[in-house]
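Structure first, commentary second.
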Amino acid sequence: MSIQQPEGQPKSWFITLFFRSASKVPDLRSDVEPPDGRTPRKNVIDHIQEKIKDCEGPTVGEGIVAAIQTLRDTAGERGAREIDSVFLKPELTQYYRRPLDDLDAHKAIAVKEVEYWLAEHKKKESGGTRSAVAFTVQDRVQLQHGFGKLNEFSKTLDPSSTRYGPGSGYPQYSE
């Protein structure tokens, strides 16, 4: 498994970024569920999976789905607000379908996501927005790419798995 290391970063960069992400989970869990039973993270996952279902090889979309599924496994829909309004934009579909290692495609999506979270944080700060704005565009690119690589690795262990993310295949995480 090869995860592209950002130039100038120590070899442990992904582990550091992963644990930094994990340290934000309490902030995320302290936030509220979206109103009216909305499921923005699930909406994003379902949307991207639909857009990439006919793609061959690992895609940028798979990396994003793996990252969001991991968020959903750890915090449910808490703090998600209306993040699906970003990921469901038709102009992003082209990026979801690109090969997983296309870091420019990850970046195009991460820029939109960071813009959204900065605006939400400015509107009404919360545990979820504090968690979200703690990650730069470059952080998100590396996390999405890294989770995509982890997802690909997990498929080598269990080729029948249809779920994404580190929690894939464990019954307690299935719906």
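The values are calculated or read from the model by the stated rules, or taken from the named source; none is laboratory data. Just so it is clear, the model here is predicted, and its values are computed rather than measured. Note: ideal-geometry Cβ built from the backbone for every residue, glycine included; neighbour counts use all protein chains shown.
Computed quantities for the displayed model
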read-out	value
Condition met for residue 134 (surrounded by fewer than 17 Cβ atoms within 10 Å (Cβ to Cβ) and touching a helix residue (DSSP H, G or I) at 6+ places or on another chain (Cβ under 9 Å))	yes
Residue within segment 29-36 that is touching a residue at least 12 places away in the same chain (Cβ under 8 Å), β-branched (Val, Ile, Thr) and buried (at least 17 other Cβ atoms within 10 Å of the Cβ) present	no
Unique match (being over 20 Å from residue 23 (Cα atoms) and touching a Gly at 6+ places or on another chain (Cβ under 6 Å)) among 62, 152, 91, 115	62
Residue pairs meeting the criteria (Cβ under 9 Å; at least 6 apart or on separate chains; first within 16 Å of residue 91 (Cα to Cα), in segment 112-125; second hydroxyl-bearing (Ser, Thr, Tyr))	116/85
Among (1) in a loop (DSSP other than H, G, I, E, B); (2) touching a residue at least 24 places away in the same chain (Cβ under 8 Å); (3) charged (D, E, K, R) - the single one residue 130 does not satisfy	(1)
Within segment 137-166, tally of residues that are of a type in the set (Ser, Thr, Tyr) and either modelled with pLDDT of 95 or more or surrounded by 19 or more Cβ atoms within 10 Å (Cβ to Cβ) (or both)	2
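Listed here are the residues, each with its yes/no results for (1) at negative phi; (2) at pLDDT 95 or above; (3) assigned to a helix (DSSP H, G or I).
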site	(1), (2), (3)
64	yes, yes, yes
73	yes, no, yes
82	yes, yes, no
94	yes, yes, yes
110	yes, yes, yes
114	yes, yes, yes
119	yes, yes, yes
